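As structure tokens, the structure follows; a few thoughts come after it.
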Amino acid sequence: MKTIITILMTILLSACAQVQNLIPPAQSSAITIAPSATLSELQALPKPKGAIPVSVYSFRDQTGQYKPQANVSSFSTAVTQGANSILVQTLSESDWFLPVEREGLQNILTERKITRAALQANNAGDQSKDLPPLTTAKIILEGGIISYDSNIKTGGFGAEYFGINASELYREDQIAVYMRAIDVRTGQVLVSVSTSKKVLSKEVRAGLFRYVSFKRLAEAEMGYSTNEPMHVCVTQTIEKAVADLILKGIEKGVWRPQTS
């Protein structure tokens with residue numbers, strides 16, 4: 001009995017320690033996303049001798065996983081479909097790569113045609129002020145999100161005594177990313193890496209159910225749940241993949257840091 005009471009009090013104290021999670025959040029303004037630990041690790045790598053022009057045509061969700069929407073008879077993708085944009089953003093924040101736009105290449109070509117026509121009209125056919133050529137890439141990055149496994153681990157604990165109960169449950173999912181660097185001139189795969197991250201969800205609940213007198217019932221319940229945002233997990237996994245790609249490329253002699 002003492003053991004049960006001890007476990008129950010531990011759970012209740014744990015729930016009270018997270019009391020700020022029980023208060024409904026208020027409206028908030030948009031904020032700048034703070035750099036993650038993986039991005040800081042990427043930016044702390046040795047500086048390169050020069051930024052490598054790199055292109056990304058398609059870095060997408062290859063899992064084919066869908067999840068049901070609550071109270072809606074439809075499904076949405078389990079992971080973000082914006083992995084291509086996340087990868088380009090990560091490359092632009094590193095010192096090693098200079099990303100060139102390829103996903104919206106058709107839009108660029110259309111705008112260049114419009115600009116070229118305007119320049120020719122203003123210059124009366126003078127070709128000396130024509131647009132410069134597009135920057136060519138030396139490396140193409142390919143790959144994608146190749147795995148999303150849900151409920152790889154679930155568990156929890158709880159206790160109940162004399163109408164007082166408390167419980168804590170958790171669930172782990174996992175995503176995996178594969179990335180490879182390809183030489184544009186030869187088509188050879190220079191470096192290939194893979195990274196993964198666990199996605200944690202947790203729920204804490206506590207309640208009271210007791211008759212305080214004849215026909216008088218006291219009942220109370222509190223709880224909260226936390227879920228790691230999927231796009232944040234994908235971002236961190238991609239950032240880790242880019243960092244590993246750089247380190248593995250240095251190890252294989254594909255590219256060199258500034259100090260070598």
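The values are calculated or read from the model by the stated rules, or taken from the named source; none is laboratory data. This one's a predicted model, so the numbers in the text were calculated from it and none came from an experiment. Quick reminder, even Gly has a Cβ in these numbers, built from the backbone with ideal geometry, and neighbours come from all protein chains shown.
What the table shows:
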{"quantity": "Given (1) within 27 Å of the chain's Cα centre (by Cα); (2) at pLDDT 90 or above; (3) more than 19 Å from SER92 (Cα to Cα), index of the condition ASP149 fails", "calculated": "(2)"}
{"quantity": "Filter result for VAL193 (modelled with pLDDT of 85 or more, in contact with a Leu (Cβ under 7 Å, 6 or more places away or on another chain) and farther than 24 Å from GLY155 by Cα)", "calculated": "yes"}
{"quantity": "Filter pass, THR3 being at pLDDT below 85 and surrounded by 13 or more Cβ atoms within 10 Å (Cβ to Cβ)", "calculated": "no"}
{"quantity": "Strands (runs of 3 or more DSSP E) lying entirely in the range 162-241 (those with 2 or more residues that are buried (at least 17 other Cβ atoms within 10 Å of the Cβ), outside the structural domain of PRO53 (by TED's automatic domain parsing) and of a type in the set (S, T, N, Q))", "calculated": "none"}
{"quantity": "Enumeration of residues in the range 45-93 that are among the hydroxyl-bearing types (Ser, Thr, Tyr), modelled with pLDDT of 90 or more and part of a loop (DSSP other than H, G, I, E, B)", "calculated": "TYR57"}
{"quantity": "Top-ranked residue in the range 108-137 [being in a helix (DSSP H, G or I) and among the hydroxyl-bearing types (Ser, Thr, Tyr); ranked as modelled with the lowest pLDDT]", "calculated": "SER128"}
